[in-house]
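Here is the structure we will look at, set down as structure tokens.
None of the figures in this text is laboratory data; all of them are computed from the coordinates on show. Note that the coordinates shown come from a computational prediction; the quantities given were computed from them, not determined experimentally. We place every Cβ from the backbone using ideal geometry, glycine too, and count neighbours over all the protein chains shown.
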Amino acid sequence: MQVTPFMLGRIAQRPSDIRTHAGLLWHVSTLLTDMKRDLDPEHGSGVTSASPYETAWVALVRDRDAPDRLAFPEVLTSLLRAQERDGSWGEPYPWSVLPTMAALLALVRAGPARGAKRAARRACHYLERALPRWASEPADTPQIELLMLNVLDELAEAGVMLTLPGEAQLRARRAEALERLPLDDLYAGNSTLIHALEALGQQIDYDRVSSLRAGGCYGYSPAATAAVLSRARTWDTEAAAWVRQMADRHSGAMPASFPLDVFECAWVLHYLWLGHCAPRPHEHEPTRTTLLWLRESLSDDGARFSRVAGLPRDVDDTAMTIAVLNRYGAHTAPASLKHFTRDGRYVSFVTESSPSPSVNAHALEALLSVDSLTMPGDGGPHDSVVSYLLDAQENHGGWVDKWHISPYYATHSVVSALAQVRGQHIGERLARAMRWLVSTPHHDGGWGMRGSSLEETAYALLSLHALHRRLDNRDVVSSQRYRDLMQRGRQWLLAHFTQLTLSARLPRMWVDKDLYAPTRVIYAAVLAALHVTWLAVEA
């Protein structure tokens, strides 16, 4: 499936430039310029990979005037093209199960579409092999108990009977989730369920949610928007136009989420700041514009995934926006973080049931970005967050998280924050993280769970850079060993840099309904990592 087109084609035209410092800074400036040009106050913006799960739900929508035809036939065509050789969709097992079930549902309801029956048979064969293992290795993504059971029930209604191990436990979890997330909050626009409207079936009145449409879509989700088009009594013309725009922009495929401008802008600027390669705002107009966009996105109650009000505010986007604004010189108080505290920790949404290390690390970044606050260890607001992060460290020395499947992302998020905190006990924990990172590169010089990847290698190199500045390396790794790791990592990134232009070669590791890859964010992380390796090796 194709990624939303933007300036990545220009990377392919100048791949050799990335080996020079001037060329790297050109890439930084070009990224920020294109990101700024994409900003749209009315409809939002952002670049992310396509989602087979979201695409499948849009493929189900029928034409308003001719119900025997599909409203967006090119979306089904795109879904057929994206089927893997083993009959699945999405990333490898277990992340493939839900999108494959959703795709199968779209195919069995497609009618006489060319190739649909054969693709459905292949999907059934894949699920027959994959589902028996489901209970022992679940992909526990947000709201999986709603999404999985809804598709399972819809397939049964369409005559496709699948056996899901652990179904009873999943149904109990669904009942608990719906009790924790009441539908009255949904209709009032105060629930994350709006991102998963397709999973609510007959439990809600889809005509009552029309007031929640923002920027043309519902909950930043093509699937949720498709559910309204399929189930509301009144055809939503604006939502249909939004889906048409997404289909045209993505060659028939649907993005994992859209828009994502606040998230994208904050994370891109964050990584460039960590990599010491961010332009100074007073010298670079796109940077100034992006910072203004973020400032205008932040209210007293926090920030959202996008300036378009599709979901409730969350602490991750709030914290990163605050941290970035302060790091770039726009003093911003962290008062809005207080809305997301629970037992001394931070939760992504006020209705969330459990915290995560990366989210709390980003909250710590926001707190540390404000000079007037007391430092950790002085009884300030940081201490409980630091304690939580230390307690969450894995035995191997890194961290894991529910918003990203790679431990290198969570470890980088935590290390970047804790490296700014004083204290011997902090240093000892960071030394454990350093030992793990030093022990896990592949023979080719890169890092990754399933072989080296651009994104994971970038996180590992940025983590090593932060740890090298914080620790006395003689107790952990020699300066020469550090330089060797940075050099080999740099060589691997340079050798594979043009993979950024090919969406199929970017593993999807960020967690939503299925996995996705926020292309500009990954691009920024890679540029930041290249710059710190340049500082370590060539400067």
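For this structure, a couple of remarks:
- Quotient of Cα Rg and 2.2 N^0.38 Å for the stretch 400-500, N being how many residues it contains: 1.04
- Eligible aspartates and glutamates near LYS36 by straight Cα distance, threshold 17 Å, same-chain separation 8 or greater: ASP261, GLU264, GLU283, GLU285, GLU296
- C-alpha long axis of helix 315-327 to longest principal axis of the chain, angle in °: 40
- Cβ-based charge dipole, the chain, positive-most Cα from TRP534, ALA458, GLN169: TRP534
- Cα-based convex hull volume of the stretch 190-239 per residue, rounded to whole Å³: 69
- Inter-centroid distance (Cα atoms) of the stretch 20-97 relative to the stretch 424-443, Å: 36
- You can think of it this way: the chain between GLU84 and GLU428 has 119.4 nm of extra reach, that is 0.36 nm per residue less the Cα-Cα gap.
- Student exercise, the chain dipole from Lys, Arg, Asp, Glu Cβ charges, in Debye to nearest 20: 1380
- Relative counts (whole %) of C-alpha pair distances in the chain, using bins that are 10 Å wide: 4, 19, 29, 27, 16, 5, 1, 0
- Degrees, to the nearest 10: 479-496 long Cα axis against longest axis of the chain: 40
- Loop-located GluC sites (Glu not before Pro) in the stretch 19-76 (DSSP state not H, G, I, E or B) with no more than 10 neighbouring Cβ atoms inside 10 Å: GLU42.
- Where the alpha-carbon atoms of the stretch 53-155 are placed on the principal axes, they occupy 45, 28, 19 Å, in descending order.
- Between the listed residues MET148, ALA113, ALA102, the Cα displaced farthest toward the positive end of the dipole of the stretch 64-157, a dipole computed from Cβ unit charges relative to the Cα centre, is found at ALA113.
- Tail fraction, Cα-Cα pairs, the stretch 477-516, threshold 10 Å, whole percent: 75
- Relative contact order of the chain, taken over Cα pairs closer than 8 Å and 6 or more residues apart, is 17 percent.
- Against the chain, whose longest principal axis comes from its Cα atoms, helix 424-439 is set at around 70 degrees.
- Both radii were evaluated on the Cα set of the stretch 251-327; the Rg over Rh quotient, with Rh as the Kirkwood radius, amounts to 1.01.
- The stretch 281-394: translational diffusion in µm²/s, Stokes-Einstein, Kirkwood Rh over Cα pairs, 25 °C, 0.890 mPa s: 169
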